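The values are calculated or read from the model by the stated rules, or taken from the named source; none is laboratory data. The model shown is predicted, which means the values in this text are computed figures rather than measured ones. No Cβ is skipped: glycine too gets one built from the backbone with ideal geometry, and neighbour counts run over all protein chains shown.
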Amino acid sequence: MQHYFKKIRVFVALFFMLAFIIAFSDIKGTLPSWYYNSFLYLQFVPSVLKFITPGHILAVGFIIVLLFTLAGGRVYCSTICPLGTLQDMVIFLRRRFSPKSRLRFKKALTVMRYSVLSITIVSLLFSGMFALVLLDPYANFSRIGTHILQPAILWVNNLLARTVPETGLHVFEYRPFHVASFTISAGMLMLVFIMSVFRGRLYCNSICPVGTLLGLVSKLSFYKIQIEPASCTKCGKCQAVCKANCINIKTLEVDSSRCVACYNCIPACNDSSIGYIFSGKKILKLNEPASDKRRRLFIATIAGYLASKTLPLKASGKPGGNRVDKGFYERGTVSPPGSQSIEHLHERCISCHMCISACPTKVLQPTFLEYGFTGMMMPKMDYSVHFCNFDCTVCGEVCPTGAITRLTKDEKTVTQIGKVVFQKEICIVETDGTACGSCSEHCPTQAVKMVPYKNGLTIPHTDVSICIGCGACEYACPVTHPHKAIFVVANARHEKAQKPQAEKIEHVETDEFPF
Amino acid sequence: MKRRDFLKKSIGATVASGTFLSLGGMNSAFGAGGFFAAPVDLVAVKGGGPEVMFDRAIAELGGMKAFVKAGQTVLVKPNIGWDAAPERAANTNPLLVGKIVEHCKNAGAKRVIVFDNTCDEWTRCYKNSGIEAAVKSAGGEMVTGKDEKMYREVTVPKGKVLKTTKVHQAYLDSDVIINVPVMKNHGGATMTLSMKNLMGVVWDRGFWHRNDLHQCIADFATFKKPTLNVIDAFNVMKRNGPRGVSVDDVVNMKYLILTPDMVAADTAAVKVFGIEPSAVKHIGLAEQLGVGTTKLDNLNIKRITI
């Protein structure tokens, strides 16, 4: 029976991997929100963050993962975690290229993995999400998908669209290249690639904070992968296929804190001597129970994290709207609708870039230092790339952490993320005396409205009360020097805009043609 | 005036052979005051649905076969600028666009291409305007207007301000162009009609806005004139254009105007809208450049009430 476990594991892992690949391939933005919500539901860190965001009591994916871990160890790491599956794919290919290579038992990097976990927890308390942003396996994979996989898919799509019109494909624009995000994604891909080629799941057992945390939990699990010494012939076949390097064939011990429950060892054993064995069952050399010291660390981990959520966090986003001097505005950085405030982003966002990947207009771009160093790579609105589509609520629908809360269309269209500022002195209508109206043309609420001006011209007039800060006016403004004549100043904390009011138009039908 | 010559010839041939192939042909010949009168220059229809009005109007001009020959490639250029539902009238009516594509296919067109260089994100505009579905079910094909590689630099010899601009290959390469604007109020250009609609076939609209919008609109109208202009004034955005805020901005006027002359089309439409043509500066500028005429009295206009 247990011989099938590996096949099931591979199937589930590929299922989740395929779900990710489909999401990154959706360049036309046709996937419904339930798609993202379902396959991201079990991602551990996003689920924890969403659960502690008010109104997301049903985001219990992480509890399900913990229950699985208590039942049978780190199954998350070999099925749901996309970075884990990516490493498994590398390991699989490596074995194809050099089939004679064998994996060996290695000592656990105990100091390193608990240090990284501790640093992550401590930094959550004092400097926000930054360590988690860099280390969370899901966030890392999702960034690799957004900045490496998706552009590659787009390149193939565009090549096919141009060369084989019969495919009916259309050419799509590339997202602007973001140096920091690409460098970090590519660097992490390289690191994980090299580690997995030489040492299997080393990343998961030395760096990954989720792996280390689940490793602690799996010490308590009911069923563990163990060796039955009575029937074991010490042939070492299990050890040779153990990606986590956690089977010690000399002592017949399996380090359950490092075992990623990949089940490679089970079919490798000719004598059915390795597999899930109930932890309570007395066998010759039972693993030591979790020591008090470690248990304390584990409890401290959870307690520390939850405490961090109740303490106010320092966020370094700049509030906007302060006029500094002669026409220069401290414009701030506009955060996406649903993110509530830059502070909220700092408390929840792990920069997985799922929103950036799914944003149909590409107005969502990663930051560099706009939100401060610890807010690096979090999403911002970049009105030089595009403007926010009035009816669109995609970013909040795909966000797995609650950093961008889900808005209905009615909520979104009155969520004010920034306010319009018009500088008449540099407007075309004023400087050149010619018609324009590009800003008002794009304004979805007519917060920017063309009103009569000199010589039969019309000039923009703004009404901040109905402005939602979508940036359409700023994007469309043809003025480039010294800067746009109309632009959005960020609301550090989002506000509520009025709904535009309209009276019915009187229409009198006539029988005569007017010419 | 190639189109007019063609129409004269085709009607002449019809008369000579003594067979009236279509009711439309007969109507125009008699309705305009006899066999040898000038052909219809402009058709204005009111009171029906967009498809019904188009069927009547195109018949008056001798049917789509008078414009589209078998095996030709046709560009139908509606306004698909906005991510808005059809009832908002921010985009050309999808029923009308579908009907035109259907007529082109029935006339034997090899390909019927539809696109716009949209303002909102293009896939949403194509989808939510209803135009993509209407075009595909009528046998046409949607192409993107957001691929810069599809645009070629051209010179505009008669342009006063706009000397060169990048134009979409579908506009440059198609044998027949059917321009299908929706009549709307426009905050910057006063009105958006057939000449303004051609802004959707160029790449850099910012240049136009920076360098006298009205003059650029008129300049580009001299470049390559559409074979036929169909102004959709079924649902009309009376204010807050060109995007509009809600359906409250829209009035159901039920008009349709067909003519090969862009200036005449826009002049007639402006009058339907209820303002003077002189209020829309690019109409007068285009007339000065010889694009067409604002003097509707000199034209043979066929007026139909359904």
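Taking the criterion of being more than 20 Å from A:Pro444 (Cα to Cα), touching a helix residue (DSSP H, G or I) at 6+ places or on another chain (Cβ under 6 Å) and either more than 9 Å from every other protein chain (Cβ to nearest Cβ) or of a type in the set (Ser, Thr, Tyr) (or both), would at least one residue in region A:498-515 satisfy it?
No.
Could you please find all residues in region B:236-257 being in contact with a Phe, Trp or Tyr (Cβ under 8 Å, 6 or more places away or on another chain) and not in a loop (DSSP other than H, G, I, E, B)?
B:Val236, B:Asn252, B:Met253, B:Lys254, B:Tyr255, B:Leu256
Check whether at least one residue in region A:153-171 is within 23 Å of A:Cys262 (Cα to Cα), among the hydrophobic types (A, V, I, L, M, F, W, C), assigned by TED's automatic domain parsing to the domain that holds A:Gln239 and touching a helix residue (DSSP H, G or I) at 6+ places or on another chain (Cβ under 9 Å), and report yes or no.
No: zero hits.
Which ones in region A:375-392 are within 18 Å of the chain's Cα centre (by Cα) and within 12 Å of another protein chain (Cβ to nearest Cβ)?
none
Take A:Ala152 and tell me if it is closer than 30 Å to A:Tyr41 by Cβ, in a helix (DSSP H, G or I) and in contact with a Cys (Cβ under 6 Å, 6 or more places away or on another chain).
Against the criterion (closer than 30 Å to A:Tyr41 by Cβ, in a helix (DSSP H, G or I) and in contact with a Cys (Cβ under 6 Å, 6 or more places away or on another chain)), A:Ala152 does not qualify.
Given the structure, is B:Ala233 more than 9 Å from every other protein chain (Cβ to nearest Cβ), outside any helix (DSSP H, G or I) and buried (at least 24 other Cβ atoms within 10 Å of the Cβ)?
Yes: the conditions hold for B:Ala233.
Pick from region A:463-515 the residues that are of a type in the set (A, V, I, L, M) and in contact with a His (Cβ under 7 Å, 6 or more places away or on another chain): which of them is farthest from A:His346 (Cα to Cα)?
The extreme case among them is A:Ala476.
Mind checking which residues of region B:55-99 are hydrophobic (A, V, I, L, M, F, W, C), over 28 Å from B:Val245 (Cα atoms) and touching a residue at least 60 places away in the same chain (Cβ under 8 Å)?
Of everything in region B:55-99, those that are hydrophobic (A, V, I, L, M, F, W, C), over 28 Å from B:Val245 (Cα atoms) and touching a residue at least 60 places away in the same chain (Cβ under 8 Å) turn out to be B:Ala57, B:Ile58, B:Leu61, B:Ala66, B:Phe67, B:Val68, B:Val74, B:Leu75.
Determine, yes or no, whether B:Ile217 is away from chain A (no Cβ under 13 Å), of a type outside the set (Ser, Thr, Tyr) and under 15 Å from the mean Cα position of the chain (by Cα). Outline the logic, then answer.
On the way: away from chain A (no Cβ under 13 Å): no; of a type outside the set (Ser, Thr, Tyr): yes; under 15 Å from the mean Cα position of the chain (by Cα): yes.
Considered against the rule, which asks whether it is away from chain A (no Cβ under 13 Å), of a type outside the set (Ser, Thr, Tyr) and under 15 Å from the mean Cα position of the chain (by Cα), B:Ile217 comes out as no.
Here's the yes/no breakdown for (1) in a strand (DSSP E or B); (2) on the phi > 0 side of the Ramachandran plot:
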{"site": "A:Thr374", "(1), (2)": "no, no"}
{"site": "A:Met377", "(1), (2)": "no, yes"}
{"site": "A:Tyr383", "(1), (2)": "no, no"}
{"site": "A:Asn389", "(1), (2)": "no, no"}
{"site": "A:Gly396", "(1), (2)": "no, no"}
{"site": "A:Thr445", "(1), (2)": "no, no"}
{"site": "A:Pro460", "(1), (2)": "yes, no"}
{"site": "A:Gly469", "(1), (2)": "no, yes"}
{"site": "A:Pro482", "(1), (2)": "no, no"}
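Condition check: within 12 Å of chain A (Cβ to nearest Cβ), modelled with pLDDT of 95 or more and over 17 Å from the mean Cα position of the chain (by Cα). Does B:Leu285 satisfy that?
It is true that B:Leu285 is within 12 Å of chain A (Cβ to nearest Cβ), modelled with pLDDT of 95 or more and over 17 Å from the mean Cα position of the chain (by Cα).
Being in a helix (DSSP H, G or I), buried (at least 21 other Cβ atoms within 10 Å of the Cβ) and within 14 Å of another protein chain (Cβ to nearest Cβ) is the filter here, so list the residues in region A:398-442 that pass it.
Answer for region A:398-442, where residues must be in a helix (DSSP H, G or I), buried (at least 21 other Cβ atoms within 10 Å of the Cβ) and within 14 Å of another protein chain (Cβ to nearest Cβ): A:Lys412, A:Ile428, A:Val429, A:Ser438, A:Cys439, A:Ser440, A:Glu441, A:His442.
Could you list, in sequence order, the residues of region B:239-270 that are more than 18 Å from B:Arg56 (Cβ to Cβ), within 11 Å of another protein chain (Cβ to nearest Cβ) and either touching a helix residue (DSSP H, G or I) at 6+ places or on another chain (Cβ under 6 Å) or of a type in the set (A, V, I, L, M) (or both)?
Selection gives B:Arg239, B:Asn240, B:Pro242, B:Gly244, B:Val245, B:Val247, B:Val250, B:Val251, B:Ala264, B:Thr267, B:Val270.
Which of the residues spanning region A:97-126 are assigned to a helix (DSSP H, G or I), of a type outside the set (Val, Ile, Thr) and farther than 21 Å from A:Phe44 by Cβ?
A:Phe97, A:Phe126
Pick out the one residue from B:Met191, B:Met183 that is touching a residue at least 40 places away in the same chain (Cβ under 8 Å), away from every other protein chain (no Cβ under 12 Å), hydrophobic (A, V, I, L, M, F, W, C) and not in a loop (DSSP other than H, G, I, E, B).
From the options B:Met191, B:Met183, the qualifying one is B:Met183.
So in region A:93-114, with the set limited to residues that are farther than 21 Å from A:Asn248 by Cβ and loosely packed, with under 13 Cβ neighbours inside 10 Å, which one is modelled with the highest pLDDT?
It comes out as A:Leu93.
For B:Lys196, state whether it is charged (D, E, K, R) and under 20 Å from the mean Cα position of the chain (by Cα).
Yes, satisfied.
Looking at region A:467-478, which of the residues that are within 9 Å of chain B (Cβ to nearest Cβ) and of a type in the set (A, V, I, L, M, F, W, C) is nearest to B:Asp249 (Cα to Cα)?
A:Ala472
Scanning for something more than 9 Å from chain A (Cβ to nearest Cβ), part of a helix (DSSP H, G or I) and surrounded by fewer than 24 Cβ atoms within 10 Å (Cβ to Cβ), does region B:288-303 turn up at least one residue?
Applying the first criterion (more than 9 Å from chain A (Cβ to nearest Cβ)) to region B:288-303 yields B:288-295, B:298-300, B:302.
Retained after the next criterion (residues that are part of a helix (DSSP H, G or I)): B:288, B:298.
Remaining after also requiring surrounded by fewer than 24 Cβ atoms within 10 Å (Cβ to Cβ): B:288, B:298.
Yes, region B:288-303 contains at least one residue that is more than 9 Å from chain A (Cβ to nearest Cβ), part of a helix (DSSP H, G or I) and surrounded by fewer than 24 Cβ atoms within 10 Å (Cβ to Cβ).
Among the residues of region B:110-153, which ones are of a type in the set (S, T, N, Q), buried (at least 20 other Cβ atoms within 10 Å of the Cβ), farther than 14 Å from B:Leu75 by Cα and more than 10 Å from chain A (Cβ to nearest Cβ)?
Matches in region B:110-153: B:Thr118, B:Ser129.
Any idea how many residues of region B:44-97 are buried (at least 24 other Cβ atoms within 10 Å of the Cβ) and of a type in the set (S, T, N, Q)?
Final tally of qualifying residues: 4.
On the given criteria, is A:Lys454 more than 9 Å from every other protein chain (Cβ to nearest Cβ), surrounded by fewer than 20 Cβ atoms within 10 Å (Cβ to Cβ) and at pLDDT 95 or above?
No, not satisfied.
If you go through region B:90-144 one residue at a time, how many are part of a loop (DSSP other than H, G, I, E, B) and of a type in the set (S, T, N, Q)?
Counting residues in region B:90-144 that are part of a loop (DSSP other than H, G, I, E, B) and of a type in the set (S, T, N, Q) gives 7.
Since A:Thr445 meets every condition but one in (1) within 9 Å of chain B (Cβ to nearest Cβ); (2) within 28 Å of A:Ala139 (Cα to Cα), which condition does it not meet?
(2)
Taking the stated definitions as given, is B:Gly241 modelled with pLDDT under 95 and either surrounded by fewer than 24 Cβ atoms within 10 Å (Cβ to Cβ) or within 30 Å of B:Gly159 (Cα to Cα) (or both)?
Criteria met by B:Gly241.
So if I check each of A:Thr480, A:Thr510, A:Thr434, which one is among the hydroxyl-bearing types (Ser, Thr, Tyr) and within 30 Å of B:Asp297 (Cα to Cα)?
That would be A:Thr510, the only listed residue that is among the hydroxyl-bearing types (Ser, Thr, Tyr) and within 30 Å of B:Asp297 (Cα to Cα).
Identify all residues within region B:255-287 that are touching a Gly at 6+ places or on another chain (Cβ under 9 Å) and surrounded by fewer than 19 Cβ atoms within 10 Å (Cβ to Cβ); write none if there are none.
Selection gives B:Ser278, B:Ala279.
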